[in-house]
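Data block below; observations after.
The values are calculated or read from the model by the stated rules, or taken from the named source; none is laboratory data. Just so it is clear, the model here is predicted, and its values are computed rather than measured. In this analysis, Cβ positions are derived from the backbone assuming ideal geometry, glycine residues included, and neighbour counts consider all displayed protein chains.
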Amino acid sequence: MTSGGIGAGRVVVLLTLVLATAACEERARGSDAGSPSADASDLPPLFADILYHVQCRCHGGCTGATPRDINNVHGEDGHEISCTAVERGSGGRAVSFSAFKGTEYGIALDFELPVGGGSPSGAGCTARILDNGTTYEGACGPTQPSASQPCRVYDVEVGMDEDGNPQIAGSMVCIDLPAATDPGVLREVTAPNSPVDTSDGACGVLAETEPVRFRLVNCRGL
């Protein structure tokens, strides 16, 4: 005679299904633990490609520094690379990156620009350059360098490199960028050995002045 309860055979089947489901969930948790989102060490390496030169063409009594070529991943040959690119609710993207070889030399930029790229807004845009033990820093923005905004940042592109990795690339040029501890010490920051305008005792950008080109790959947030 058949009873209205669950038979012993059905209990065994149900118990088997419960155990199998638990095992699947455990395997899924183990798989998630090895994903990039769970372990920062699994994230693709940050890479910086920046060629720049702190020069002293406009002011006497000084010499320019050695041209610097940063072409390294984070941790390689003493290079410390950081880069974040966070979208804002206003439709902009806040970018912050730095690339330094210990305390010898390096460059850092903070700016906000449209999500798709372009030129940064002037608000909050800052540039910092380290060379030969001296830090130079000042405001940056989309317009030509001036006393209040010594660095111009422009033609910033957000896209992919040739290997399909997300990257941010752009241009920068600085004229009369002051030393942080002595505003009277002024330098130009350009591509290596690029000419600048020194006519009539002024310091400015020529048509042939070549800017610094910067490229950061695998910025967090892209």
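The table that follows gives values for the structure above.
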{"item": "Filter result for Ile168 (β-branched (Val, Ile, Thr) and closer than 18 Å to Pro192 by Cβ)", "result": "no"}
{"item": "In the stretch 114-141, the residues that are assigned to a loop (DSSP other than H, G, I, E, B) and in contact with a Leu (Cβ under 9 Å, 6 or more places away or on another chain)", "result": "Ser119, Pro120, Ser121, Cys125"}
{"item": "Residue that is under 29 Å from Gly61 (Cα atoms), of a type outside the set (D, E, K, R) and buried (at least 19 other Cβ atoms within 10 Å of the Cβ), where the choices are Val158, Val217, Val153, Val185", "result": "Val153"}
{"item": "Residue, modelled with the highest pLDDT, within the stretch 80-101, restricted to residues that are of a type in the set (Val, Ile, Thr) and surrounded by fewer than 17 Cβ atoms within 10 Å (Cβ to Cβ)", "result": "Thr84"}
{"item": "Failed criterion for Val217 (all others in (1) over 19 Å from Ala94 (Cα atoms); (2) modelled with pLDDT of 95 or more hold)", "result": "(1)"}
{"item": "Qualifying residue in the stretch 63-79 (condition: in a loop (DSSP other than H, G, I, E, B), within 17 Å of the chain's Cα centre (by Cα) and surrounded by 20 or more Cβ atoms within 10 Å (Cβ to Cβ))", "result": "no"}
{"item": "Members of the stretch 119-136 found to be more than 22 Å from Asn71 (Cα to Cα) and buried (at least 17 other Cβ atoms within 10 Å of the Cβ), listed by number", "result": "Ser119, Pro120, Cys125"}
{"item": "Pairs with Cβ under 7 Å, 6+ apart, first in the stretch 87-100 and in contact (Cβ under 8 Å) with a residue 40 or more places away in the chain and among the basic types (Lys, Arg), second outside any loop (DSSP other than H, G, I, E, B) and crowded, with 16+ Cβ neighbours inside 10 Å", "result": "Arg93/Ala85; Arg93/Glu112; Arg93/Leu113"}
